[in-house]
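**Q** Please see the structure below; I have some questions.
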Amino acid sequence: MTPQRTAVVTGAGSERGIGRATARRLAEDGWAIVVLDLDADAAAKAADAIAVEYDVATYAHDVDVADQSSVTAAQQAVSAQVLGGKLPRVGAVVNIAGITSPVPFLDTTLDLWNKVMAVNATGTYLVTKAFLPELLAAGWGRIITMSSVSAQRGGGVFGKVPYSAAKAAILGFTKALARELGDSGVTVNAVAPGAVDTDIRVGSTDEDEDAIRSGIPVGRTATTREVASAIAYLCGEDAAYLTGLTLDINGGSHLH
């Protein structure tokens, strides 16, 4: 990639998560990587490993994406790295951090609803807003948001009502922001994975997993690499004419 840019990836601390796979895949393409995660130690380990494996500049910082002051502190720390010449300018913001909610609707609480909405939807808003001015100032940028097939088909994978609602909010956010940014040079796109081979379905039984796979025409769950590769494409130069898009990565489990 010329010139080199930095990709900020949230939720990239987990070893088996989409965030980690995305950070590695972007580093493979030559991006410098900022790993943001609630777990500071996991973020640091991920950044160190990526730096060694791909020989790119990396930086790690802890963040609670649902907390504005935490997001602001992380953005300011990244900006200091850029201004100090340790990182190239930020060119992509990839919002991966999220939580699920496998709880039947009548068993949900307001606290659970608020937490799921805060981490998934509000977190996407806060992180995007924090880094967007840098992208606009440069006249080039990529914003990626993480939705889910659950938003499109009303659950049916693992997360239930709060999760589906939060991920649906992200789709509206993505389209509206893409339209507002227009010809700024900054594109905004969403990915909507189906079932992916990660640890997010904690508590899922073998029977649950069999039921999930039975509803996928290709007969298996996605790998994190497959989702990460789609994100990497949307972050690249060749995706300049794509904005407001929702890229389905679901093995045929939801067909429009």
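The values are calculated or read from the model by the stated rules, or taken from the named source; none is laboratory data. From a predicted model like this one, the values you see are computed outputs, not experimental measurements. Note that each Cβ is placed from the backbone with ideal geometry, even for glycine, and that neighbours are counted across all protein chains shown.
**Q** Any residue at all in the stretch 123-142 that's over 23 Å from ALA23 (Cβ atoms) and among the acidic types (Asp, Glu)?
**A** no
**Q** Which one of these is over 24 Å from LEU132 (Cα atoms), over 16 Å from the mean Cα position of the chain (by Cα), outside any strand (DSSP E or B) and not charged (D, E, K, R): ALA77, ALA51, ALA47?
**A** After applying the criteria, what remains is ALA51.
**Q** Out of the residues in the stretch 54-74 meeting the condition of being assigned to a helix (DSSP H, G or I) and in contact with a helix residue (DSSP H, G or I) (Cβ under 7 Å, 6 or more places away or on another chain), tell me which one is farthest from ARG25 (Cα to Cα).
**A** GLN68
**Q** Being among the small types (Gly, Ala, Ser) and either touching a strand residue (DSSP E or B) at 6+ places or on another chain (Cβ under 7 Å) or modelled with pLDDT under 80 (or both) is true for just one of ALA176, ALA190. Which residue is that?
**A** On inspection, the qualifying residue turns out to be ALA190.
**Q** Which of the residues belonging to the stretch 106-121 are touching a residue at least 12 places away in the same chain (Cβ under 8 Å), β-branched (Val, Ile, Thr) and either surrounded by fewer than 20 Cβ atoms within 10 Å (Cβ to Cβ) or within 18 Å of ASP62 (Cβ to Cβ) (or both)?
**A** Passing the criteria: THR108, VAL119.
**Q** List the number of the failed condition for GLY172; all other conditions in (1) of a type outside the set (S, T, N, Q); (2) more than 20 Å from ASP37 (Cβ to Cβ); (3) under 18 Å from the mean Cα position of the chain (by Cα); (4) buried (at least 18 other Cβ atoms within 10 Å of the Cβ) hold.
**A** Unmet condition: (4).
**Q** Now a separate question. Can you confirm whether ASP64 is on the phi > 0 side of the Ramachandran plot, modelled with pLDDT of 95 or more and acidic (Asp, Glu)?
**A** Considered against the rule, which asks whether it is on the phi > 0 side of the Ramachandran plot, modelled with pLDDT of 95 or more and acidic (Asp, Glu), ASP64 comes out as no.
**Q** OK, next. Please state which one of ALA27, ALA97 is within 16 Å of the chain's Cα centre (by Cα), of a type in the set (A, V, I, L, M, F, W, C) and under 21 Å from THR128 (Cβ atoms).
**A** Matching residue, one of ALA27, ALA97: ALA97.
**Q** For ILE200, only one of the following conditions fails: (1) among the β-branched types (Val, Ile, Thr); (2) over 25 Å from SER101 (Cβ atoms); (3) modelled with pLDDT under 75. What is its number?
**A** Every condition holds for ILE200 apart from (2).
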